[in-house]
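Report on one structure; see the data block that follows.
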Amino acid sequence: MKIHGNEIRPGNVIARNGSLWVATKCSMVKPGKGGAFNQVVLKSLLDGTKRNERFRAAEIVERVRLEQKNFTFLYKQDDAFIFMDSESYEQLELQEDFIRDCSAFLQNGMSVMVEIYEGKPIGISLPDQVVLTIAEADPVVKGQTASSSYKPALLENGLRMLVPPFIEVGERIVVDTNEITYMRRAD
């Protein structure tokens, strides 16, 4: 699908220079001289590199529609992660370098969204929040509870993050998978 350069919005996937790019940030710029343009920050779906590009309204770009399918994470085998298509029950094997940072949050039976382009997986999206257990946490120092201080903690998946001082070992917390931050105690 062809669109004009000024119609690019965050989240759009475009084909440019033989690669697929997702627009992460867009801002319309109207300089005092010359025509307006759309300043777009693009992130490569294939290798994660970023670049800034300017698109004029007259420029035509190819917007790509990705197929999104629900998959269920089954297990990890060596350096491969095995997923099952929720509709056809076919299994999909993705390598650890493809999944990158998402691998720490994968839990057995977790539902994920896999983006597919021309039959090939190009991206994976986790749920926005996951529940994890605190494996290690520093003890609370008396007098620190009055200020909004945080303490380091180690989660069951090996990630370290800052949590409020009242969180103790063994507690289950909700973690934002996009920002990798503490949100609240789990119910």
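Brief remarks on what is shown
- On the stretch given as region 68-108, residues that are open to solvent by 80 Å² or more (accessible area, probe 1.4 Å), at negative phi and modelled with pLDDT under 85 total 2.
- When residues of region 82-99 are limited to those that are over 17 Å from the mean Cα position of the chain (by Cα) and assigned to a strand (DSSP E or B), the one farthest from ILE124 (Cα to Cα): GLN91
- Test: residue in region 24-34 that is in contact (Cβ under 8 Å) with a residue 40 or more places away in the chain and assigned to a strand (DSSP E or B): no
- Selection from region 42-51 of residues that are open to solvent by less than 40 Å² (accessible area, probe 1.4 Å), out of contact with any Asp or Glu (no Cβ under 8 Å at 6 or more places or on another chain) and either at pLDDT 85 or above or assigned to a strand (DSSP E or B) (or both): SER44
- Against the numbered list (1) over 29 Å from ASN157 (Cα atoms); (2) open to solvent by 60 Å² or more (accessible area, probe 1.4 Å), VAL61 comes up short only at (2).
- Single residue of region 143-162 satisfying the filter (over 21 Å from LEU106 (Cβ atoms) and not in a loop (DSSP other than H, G, I, E, B)) that is modelled with the lowest pLDDT: LYS151
- Residue in region 114-136 that is polar (S, T, N, Q), exposed (fewer than 13 other Cβ atoms within 10 Å of the Cβ) and closer than 21 Å to ALA80 by Cβ present: no
- Annotation note: of VAL169, VAL114, VAL140, VAL130, the sole residue that is over 22 Å from LYS43 (Cβ atoms), in contact (Cβ under 8 Å) with a residue 12 or more places away in the chain and in a strand (DSSP E or B) is VAL130.
- The set of residues in region 1-23 that are open to solvent by 90 Å² or more (accessible area, probe 1.4 Å) and in a strand (DSSP E or B) contains only LYS2.
The values are calculated or read from the model by the stated rules, or taken from the named source; none is laboratory data. Keep in mind it's a predicted model, so treat the numbers as computed, not measured. Methodologically, a virtual Cβ is constructed for each residue, glycine included, from the backbone with ideal geometry; neighbour enumeration extends over all protein chains shown. Ligands, DNA and RNA are stripped out before the accessible areas are found, and what is left, the full protein with its side chains, is counted by its heavy atoms. Shrake-Rupley method; radii C 1.70, N 1.55, O 1.52, S 1.80 Å.
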